[in-house]
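Working notes for the structure below.
The values are calculated or read from the model by the stated rules, or taken from the named source; none is laboratory data. Since the structure is predicted, the reported quantities are computational estimates derived from the model, not experimental observations. Cβ coordinates were reconstructed from backbone atoms using ideal geometry, including for glycine residues, and neighbour counts include every protein chain displayed. With ligands, DNA and RNA removed, areas are computed over all heavy atoms of the protein, side chains included. Shrake-Rupley method; radii C 1.70, N 1.55, O 1.52, S 1.80 Å.
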Amino acid sequence: MQPINDFFFDKTTRWRGQAITCNRIFNSWNDSTSFCNWHGITCGRRHKRVTSLNITGKNLVGAISPYIGNLSFLRTLELSNNSFTGEIPQKVGNLLRLRYLDLERNILGGDIPTNLSHCTKLEAIDFSYDKLVGKIPEDIGSLVELKYLGIHRNNLTGKLPSSLGNLTLLNFLHAGCNNLVGKIPVEIGKLSSLKLFDISVNSISGTILETLFNISSLSVFGIADNQIRGTVPYDIGLNLPNLIFFTIGGNRFYGSIPDSFGNASKLETIDIADNNFVGQVPITLGILKNLQYLNLEQNSLGSRSANDLAFLTSLKNCTNLEILTLDLNNFGGVLPTSLTNLSSRLSELALGCNYFTGSVPAGLNKLVNLIILGMEYNHLTGSIPSELGMLPNLQALYLDANKLSSQVPSSIGN
């Protein structure tokens with residue numbers, strides 16, 4: 001019979017020895033005790049076969065042995081947060097009972113094994129934060145029990161396969177930070193159980209299908225930094241009532257910001273920066289009491305008029321707001337005193353590169369947690385309020401390219 005150690009270790013890499021020296025986690029891996037009692041191993045009660053191998057975060061190095069494919073009763077394989085190199089063994093496709101496969105945060109390269117499609121009982125796959133290359137296999141659509149697919153932060157190429165539409169139980173699809181291209185497949189709109197959809201930081205193009213905006217279970221919608229165009233549906237807040245994170249910055253969206261965002265009461269993050277949105281910002285955003293992050297920078301919002309910042313008054317109800325960025329738009333008029341009524345948790349207030357007139361509002365010292373305050377490249381006049389020196393956490397103050405006069409107050413030294 002082959003030694004049980006060989007099922008886990010490729011001894012040519014010597015990483016078992018390194019693990020014992022550095023971690024002492026394999027002291028129990030010897031013939032003096034049953035392998036079912038070894039660290040990280042779980043066996044079935046009746047048949048005494050290995051059903052789980054969980055060795056996460058132990059600084060292990062070397063390759064994953066192809067002998068892993070001999071553990072035919074294995075249901076859970078968790079080797080995350082180590083430094084494994086080489087490729088994922090094709091023999092993993094022999095693990096027909098496998099339900100959870102977690103290899104995230106290693107240095108694994110090569111392709112996603114094509115015969116992984118044989119593991120039809122898989123419920124979770126996590127290959128994120130590795131170095132995988134090649135395409136997402138089309139056969140991944142045969143894993144009809146899959147609920148979690150994490151492949152973000154790799155070097156994957158090609159398109160999102162249309163077969164993903166077969167994964168009707170899928171809750172999480174995280175494919176961000178790769179080199180994916182093409183359009184979002186129509187079939188993804190069929191995933192009615194989807195809670196997280198994130199394909200940010202790729203080169204995906206085309207438009208967002210209406211069916212995707214109608215998946216009411218969605219809580220995370222992330223498509224930032226792609227080449228996607230279109231408008232945001234006027235009824236998005238009604239159709240996505242569970243939305244928490246909405247990030248579409250760095251694309252080619254246009255049109256207005258829908259009033260219905262106010263109906264998505266769980267929203268914490270709205271990031272629509274670096275697009276082509278126009279018009280006024282709806283005051284319904286003030287209904288969002290959980291809102292923490294609102295990034296509207298680098299659009300064409302506003303009309304250089306006094307009414308552009310009416311929505312700021314409503315934001316006083318957003319008592320959890322931490323970041324508000326309005327840079328590089330067409331906002332105009334006098335900065336309202338309602339700025340001082342914003343959340344005391346606010347750490348960044350960015351108003352630069354607009355068309356604001358008048359003076360810097362008094363009372364900004366109420367925003368005691370401000371770290372960044374930006375009002376640069378506007379048409380502000382008057383003096384710098386001495387009370388800015390009362391902001392104990394301020395690290396960056398941008399007032400350049402305005403028409404300010406008088407001296408810099410000595411309180412800034414505080």
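Enumerate the pairs (first residue in the range 96-110 and closer than 15 Å to residue 81 by Cα; second residue anywhere and of a type in the set (Gly, Ala, Ser) and open to solvent by 10 Å² or more (accessible area, probe 1.4 Å)) with beta-carbon separation below 6 Å, excluding pairs fewer than 6 apart on the same chain, so at least 6 apart or on different chains.
Hits for this filter: 107/83.
Scan (1) over 23 Å from residue 126 (Cβ atoms); (2) open to solvent by less than 60 Å² (accessible area, probe 1.4 Å) for the single condition residue 186 breaks and write down its number.
Condition (2) is where residue 186 drops out.
Provide a single number: the residues in the range 343-383 that are surrounded by fewer than 15 Cβ atoms within 10 Å (Cβ to Cβ) and under 34 Å from the mean Cα position of the chain (by Cα).
Final tally of qualifying residues: 2.
Taking the range 384-410 as the search range and keeping residues that are closer than 17 Å to residue 340 by Cβ and not hydrophobic (A, V, I, L, M, F, W, C), which one is most open to solvent (accessible area, probe 1.4 Å)?
Ranking the candidates gives 392 first.
Can you run down the residue pairs with Cβ atoms below 6 Å, 6 or more apart or on separate chains, where the first is in the range 56-67 and farther than 9 Å from residue 83 by Cα and the partner is charged (D, E, K, R) and assigned to a helix (DSSP H, G or I)?
66/91; 67/6
Among all residue pairs at least 6 apart or on different chains, which show Cβ distances below 8 Å where the first residue, located in the range 208-224, is in contact (Cβ under 8 Å) with a residue 24 or more places away in the chain and under 21 Å from residue 178 (Cβ atoms) and the second is part of a helix (DSSP H, G or I) and of a type outside the set (Ser, Thr, Tyr)?
209/186; 209/188; 209/189; 212/188; 212/189
In the set 328, 335, which member is open to solvent by less than 60 Å² (accessible area, probe 1.4 Å) and in contact (Cβ under 8 Å) with a residue 24 or more places away in the chain? Break it down into steps so the answer makes sense when it comes.
On the way: 328 fails: open to solvent by less than 60 Å² (accessible area, probe 1.4 Å).
Of the residues listed, the single one that is open to solvent by less than 60 Å² (accessible area, probe 1.4 Å) and in contact (Cβ under 8 Å) with a residue 24 or more places away in the chain is 335.
Would you mention how many residues in the range 359-379 are more than 18 Å from residue 307 (Cα to Cα), of a type in the set (Val, Ile, Thr) and not in a strand (DSSP E or B)?
2
Does any residue in the range 272-286 that is in a helix (DSSP H, G or I) come within less than 6 Å, Cβ to Cβ, of a residue that is of a type in the set (A, V, I, L, M) and crowded, with 19+ Cβ neighbours inside 10 Å six or more places away or on a different chain, and which pairs are these?
Pairs that qualify, where the first residue is in a helix (DSSP H, G or I) and the partner is of a type in the set (A, V, I, L, M) and crowded, with 19+ Cβ neighbours inside 10 Å, are 286/315.
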